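As structure tokens, the structure follows; a few thoughts come after it.
The values are calculated or read from the model by the stated rules, or taken from the named source; none is laboratory data. These numbers come from a predicted model, not from an experiment. Counting neighbours? That spans all protein chains shown, and the Cβs are built from the backbone with ideal geometry, glycine included.
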Amino acid sequence: MNDNLIEMAARWWVSLGGAATTLLRVTLIVVAAWLLISVLQRAIRTLRERIASRMDDRESTKRAETLGRVFRYLATVVVSLIAGMLVLAELGVSVAPILGAAGVVGLAIGFGAQSLVKDFFTGFFILLENQIRQGDVVKLGEHAGMVEVVTLRYVQLRDYDGNVHYVPNGHISTVVNMTRGFSNAVMDIGVAYRENVDEVMAVMRKVAKQLQQDPDFQPKILADMEIAGVESLADSAVIIRCRFRTLPLEQWGVKREYLRRVKAAFDEHGIEIPYPHMTVYAGQDREGKAPAFVVQQLTEA
């Protein structure tokens with residue numbers, strides 16, 4: 001009985017001939033493609049988890065997850081396309097015309113959606129190179145603010161006024177990241193021309209030491225204040241430039257507090273913070289006496 005079943009199966013298989021062989025090859029191609037996709041996705045996921053475990057901040061972990069999803073998607077698409085072409089070849093379908101038509105269609109789509117493709121490519125490299133992270137304060141062309149969302153398509157910023165800016169990645173030509181590693185609180189402080197610049201700098205250093213010893217600001221300041229010196233001689237003031245090195249996002253708070261304390265210290269030491277004004281000299285007669293200077297206020301009739 002068993003011999004008869006085996007003989008019947010053999011005859012059926014022989015009768016199928018090439019169709020059976022083609023079916024077997026197609027099945028093997030599909031199974032191999034499925035296994036390869038599973039292996040690649042698992043390998044990419046494992047690599048992403050190992051990289052993320054070595055990162056100490058949440059935003060770097062998010063960036064690794066985003067890149068992992070992109071690589072898994074690319075692996076699935078590439079393997080599926082190759083498997084599809086092999087299956088069509090086994091079925092006797094000529095792949096060359098299909099590839100030619102696909103190239104023409106892809107070229108048309110590329111011209112029509114080139115800005116979208118540019119957005120995705122630029123976003124991919126922004127994430128890969130870690131140029132922008134969520135929580136950074138950046139300037140992207142004419143737009144500046146805190147980064148709330150980073151995707152392959154766009155970057156979402158929120159400025160100080162609360163306005164939300166959506167910047168397509170394809171429009172990003174330069175990135176100015178103001179909160180990477182450390183920040184500098186740069187200040188230009190003006191004093192009157194009559195003041196002694198060395199004494200003013202001594203008061204500024206004293207105020208800086210007091211600020212650094214404050215428990216609320218000590219962890220935010222990374223180094224002693226640097227005084228660059230006299231930056232310029234303005235119309236009404238001598239401008240002295242200085243800066244603090246601070247933690248990211250802390251430069252503005254440190255700057256405001258330091259200026260507040262400097263104002264109080266200048267008032268205490270009688271140092272004048274000038275404002276725009278004009279000194280008028282009246283002419284003198286032959287005897288060296290100045291005529292009376294009368295100021296008249298004009299009023300409308």
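Per-structure values
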{"item": "Candidate set: the stretch 221-239, residues that are over 33 Å from the mean Cα position of the chain (by Cα) and in a loop (DSSP other than H, G, I, E, B); chosen: the one surrounded by the most Cβ atoms within 10 Å (Cβ to Cβ)", "result": "A237"}
{"item": "Long-range neighbours under 6 Å by Cβ, at least six apart or interchain, first residue touching a residue at least 12 places away in the same chain (Cβ under 8 Å) within the stretch 220-245, second in a loop (DSSP other than H, G, I, E, B) and acidic (D, E)", "result": "K220/E250"}
{"item": "Set Y258, Y193: member being of a type in the set (F, W, Y), over 28 Å from I132 (Cβ atoms) and under 31 Å from the mean Cα position of the chain (by Cα)", "result": "Y258"}
{"item": "Residue list for the stretch 156-200, restricted to those being among the aliphatic types (A, V, I, L, M) and in a strand (DSSP E or B)", "result": "L157, V164, V167, V176, A185, V186, M187, I189, V191"}
{"item": "Subset of the stretch 213-246 that is touching a Ser or Thr at 6+ places or on another chain (Cβ under 7 Å) and of a type outside the set (S, T, N, Q) - its residue that is farthest from Y160 (Cα to Cα)", "result": "I239"}
{"item": "Enumeration of residues in the stretch 135-153 that are part of a loop (DSSP other than H, G, I, E, B) and buried (at least 16 other Cβ atoms within 10 Å of the Cβ)", "result": "D136, L152"}
{"item": "Those residues of the stretch 121-134 which are loosely packed, with under 15 Cβ neighbours inside 10 Å and part of a helix (DSSP H, G or I), in sequence order", "result": "F121, F125, L128"}
{"item": "Any hit, the stretch 246-268, residues being assigned to a strand (DSSP E or B), surrounded by 16 or more Cβ atoms within 10 Å (Cβ to Cβ) and either among the small types (G, A, S) or at pLDDT 85 or above (or both)", "result": "yes"}
{"item": "Conditions (1) more than 25 Å from L222 (Cα to Cα); (2) out of contact with any Asp or Glu (no Cβ under 9 Å at 6 or more places or on another chain); number of the one not met by G181", "result": "(1)"}
{"item": "Check on E59, assigned by TED's automatic domain parsing to the domain that holds A89, modelled with pLDDT under 65, surrounded by 13 or more Cβ atoms within 10 Å (Cβ to Cβ) and under 28 Å from V149 (Cα atoms)", "result": "yes"}
